[in-house]
Amino acid sequence: MSDLPLNPSSPEEAIDLDDLIASTGLVQAEVIELVELGVLETCDGRTGFLFYSRTVVQARRAARLRDDFGLNTPGMALALTYLERIEQLEHRLRVLEASQPR
């Protein structure tokens, strides 16, 4: 894993394409397509494919969707988008429920 910080104020590290592939089980073509579909985020301002280290979690989830459900790359992208949206809505619901008087 690369030890290049994304920016001086962020402790998060950058991970290159080879490290992402090695740690997730995705193949290069899948990663590139997921980037093109806007599901995996690359580090801006860098040459080549560098990713935020947090991208590993989402890429592993994509690989599980492929392996468990036989999804192709567009299917993985769609499922990941919906799963992320569901998580956002569940978080929002928890916040709203916590703010309600009992």
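The values are calculated or read from the model by the stated rules, or taken from the named source; none is laboratory data. Because the structure is a prediction, the values reported are computed rather than measured. As a convention, Cβ positions derive from the backbone with ideal geometry for all residues, glycine included, and neighbour counts pool all protein chains shown. Heavy atoms of the whole protein, side chains included, go into the accessibility calculation; ligands, DNA and RNA do not. Shrake-Rupley method; radii C 1.70, N 1.55, O 1.52, S 1.80 Å.
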Under the span-like rule (Cα at least 24 Å along the axis, Kyte-Doolittle mean at least -0.5), DSSP H helices of the chain = 73-99
Dipole magnitude of segment 6-102 about its Cα centre, charges +1 at Lys/Arg Cβ and -1 at Asp/Glu Cβ only, in debye to the nearest 20?
-> 480 debye
Tell me, what does the Kirkwood hydrodynamic radius of segment 11-98 come to in angstroms if you use every pair of distinct C-alpha atoms?
-> 13.7 Å
Quick one: with all protein chains in place, what share of the accessible area of the chain is carbon or sulfur, to the nearest percent (1.4 Å probe)?
-> 54 percent
Put +1 on the Cβ of each Lys and Arg and -1 on the Cβ of each Asp and Glu in segment 11-98; which of Val27, Cys43, Ala98 then has its Cα farthest toward the positive end of the dipole?
-> Ala98
Mean Cβ-within-10 Å packing, highest first, puts peptides 30-39, 86-95, 63-72 in the order 30-39, 63-72, 86-95
For the chain, what is the mean residue ellipticity at 222 nm derived from helices alone (per DSSP H run of n ≥ 4: -39500 (n - 2.57); sum divided by total residues; nearest 500 deg cm²/dmol)?
-> -19000 deg cm²/dmol
Accessible surface, per residue, of the chain when the full set of protein chains is kept, probe 1.4 Å, Å² | 67 Å²
Gaussian network model of the chain, Cα springs within a sub-10 Å range: biggest mean-square fluctuation belongs to which of Ala29, Ala79, Ala14?
-> Ala29
Given the options Thr55, Thr81, Thr24, which has the most mean-square fluctuation in a GNM of the chain, springs set between C-alpha atoms less than 10 angstrom apart?
-> Thr81
